[in-house]
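First up is the structure itself, then whatever we jot down about it.
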Amino acid sequence: MKKVVITFGLIAAAIIVGVMFAVFPLWKSKVITFENGDWVGFTSMFIALSMIFFGIKSYRDNYLSGKISFGKGLQVGVLIALIASLGYAIGWEFYLKLLAPDFITQYAAFSIDKAKTSGVGADQLQKLITQMDDMKEMYKNPLLRVWYDTGRNIAYRNHY
């Protein structure tokens, strides 16, 4: 099981991180922006995390004679996802350090500008500015950055 989990976890991580670094020139040339970048990220993660399916299938076919229990499949899948997630987190740290050290500042400015142009009220705008300031402060600490729940900000950004 160990070989399958490590192999497919590293393949998934390589896909996610590879796409991240490969599209950087498109980010710099503004072909990919905060408006459309989610699609690239989500698509690469979907493709990469399909390795969970292929890893479970490989383990079932090559080590268990074509039969696998739900629990064992879940265990293999979760371990592959953990390796892929760890690879993504490490890749993101390198990406921030090497290519995009001002990412969070740009993201905060984008979010605030988008809210302003959408016509949100002054109270909502101030709340967003406070959130973005808190997020920029939190982003300075790599351990907090890894665990940060961006779902709240994605939901807010997609709302406007």
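Key figures for this structure:
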| item | result |
| --- | --- |
| Magnitude of the charge dipole, the chain, Cβ model with Lys/Arg +1 and Asp/Glu -1, debye to 20 | 560 debye |
| Farthest toward positive dipole pole in the chain [+1 Lys/Arg, -1 Asp/Glu at C-beta], among Leu144, Leu49, Ile112 | Leu49 |
| The chain, relative contact order in percent, only Cα pairs under 8 angstrom and at least six apart counted | 27 percent |
| Packing-based order for 50-56, 18-24, 118-124, using average beta carbon neighbours within 10 Å, highest first | 50-56, 18-24, 118-124 |
| Kyte-Doolittle at least -1.0, axis length at least 30 Å by Cα - qualifying DSSP helices, the chain | 70-98 |
| Potential lengthening between Phe110 and Lys97 on full extension [0.36 nm per residue; Cα-Cα distance subtracted] | 2.6 nm |
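Every number in this text was worked out from the coordinates using simple rules, so none of it is lab data. Worth saying up front: this structure is predicted, and the values here are computed from it rather than measured. Glycine gets a Cβ as well: all are built from the backbone with ideal geometry, and neighbour counts include every protein chain shown.
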